[in-house]
1. Give me the residue from segment 142-162 that is of a type in the set (S, T, N, Q) and farther than 17 Å from Leu107 by Cβ and, out of that set, surrounded by the most Cβ atoms within 10 Å (Cβ to Cβ).
2. Quick check on my filter: what residues within segment 69-106 are surrounded by fewer than 19 Cβ atoms within 10 Å (Cβ to Cβ) and either polar (S, T, N, Q) or within 17 Å of the chain's Cα centre (by Cα) (or both)?
3. Answer yes if at least one residue in segment 124-141 is over 14 Å from the mean Cα position of the chain (by Cα), surrounded by fewer than 22 Cβ atoms within 10 Å (Cβ to Cβ) and under 17 Å from Val112 (Cβ atoms), and no otherwise.
4. Among what's in segment 107-122 and is part of a helix (DSSP H, G or I) and among the charged types (D, E, K, R), pick the residue that is nearest to the chain's Cα centre (by Cα).
5. Go through segment 180-227 and report how many residues are among the small types (Gly, Ala, Ser) and buried (at least 20 other Cβ atoms within 10 Å of the Cβ).
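Taken together, the values in this text are just the output of simple stated rules run on the coordinates, not laboratory data. These numbers come from a predicted model, not from an experiment. Methodologically, a virtual Cβ is constructed for each residue, glycine included, from the backbone with ideal geometry; neighbour enumeration extends over all protein chains shown.
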Amino acid sequence: MLKPKKKITRKEIKKDPVLEKISQAEHYVREKGKILSYILIAVALVVILVVLMVQSKQKANREATGDLGLAEMALAVGDIDNAIVQFESLISNYPGTRSAGMATLLLASAYVNQDDYENAEINYRNYIDEYAHEKLFVAAAYNGLGVCSERKGDYRQAAEYFEKGGKASPFHFLQIECFLNAARSYIAAGDYNRAEQALQAIPTEKLGYNEKTEYEILSAKIEVLKD
């Protein structure tokens, strides 16, 4: 004779390890479901924001490039005051863009043309510290800082900036210019050994006719002054 099935009590269900795990999972889903949904929504929002930021940055870059072209035209025709205003506006309106970096570098050069070496130095340093997109332009910024220091009569500082420009430049033409400038400034500062070292850093096989002439004149000066 079959025995009647034993009725499973709620207490016994809870004691069953498998059923207990299932029960815990169901409880977790019920309690944590909303939190998981919020997390997924938050992730989706982040993705959307990133896409919008990229699109916005692309738009900003396009607009900044257009403004940069207009400012460069003003600089090219000698309308320096107008160019300065446009460069400053671009930097303010499109910070962090490549065009803002170029505007910073060109703004510094515009100030040099106006003999405003203080503002020129500020912008050359800003380019090095905040942008530095290309090694060539970093070298140009150091060369510009050297020009500012040279014009102010601080020849040793000028020579050190020129040397940094020469070391940073990936191209021979600017490298040669920087090291020739460094040698000239070290001579003016009375440091003939450093002037000689600056000349030794120049790849002489890459010298053009005018550069070779300047190189030979500076070498001769050093030889005379060292004696």
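1. From segment 142-162, those of a type in the set (S, T, N, Q) are 143, 149, 157; that's our starting set.
Then keep just the ones that are farther than 17 Å from Leu107 by Cβ; that gives 149, 157.
Values: Ser149: 21, Gln157: 17.
If we take residues in segment 142-162 being of a type in the set (S, T, N, Q) and farther than 17 Å from Leu107 by Cβ, then Ser149 is surrounded by the most Cβ atoms within 10 Å (Cβ to Cβ).
2. Asn82, Ser89, Ser92, Asn93, Pro95, Gly96, Arg98
3. Within segment 124-141, the subset over 14 Å from the mean Cα position of the chain (by Cα) is none.
No - not one qualifying residue is present in segment 124-141.
4. Glu121
5. As a first pass, look at segment 180-227 and keep what is among the small types (Gly, Ala, Ser): 182-183, 185, 188-190, 195, 198, 201, 208, 219-220.
Still in the list and also buried (at least 20 other Cβ atoms within 10 Å of the Cβ): 182-183, 185, 195, 198.
Qualifying residue count, segment 180-227: 5.
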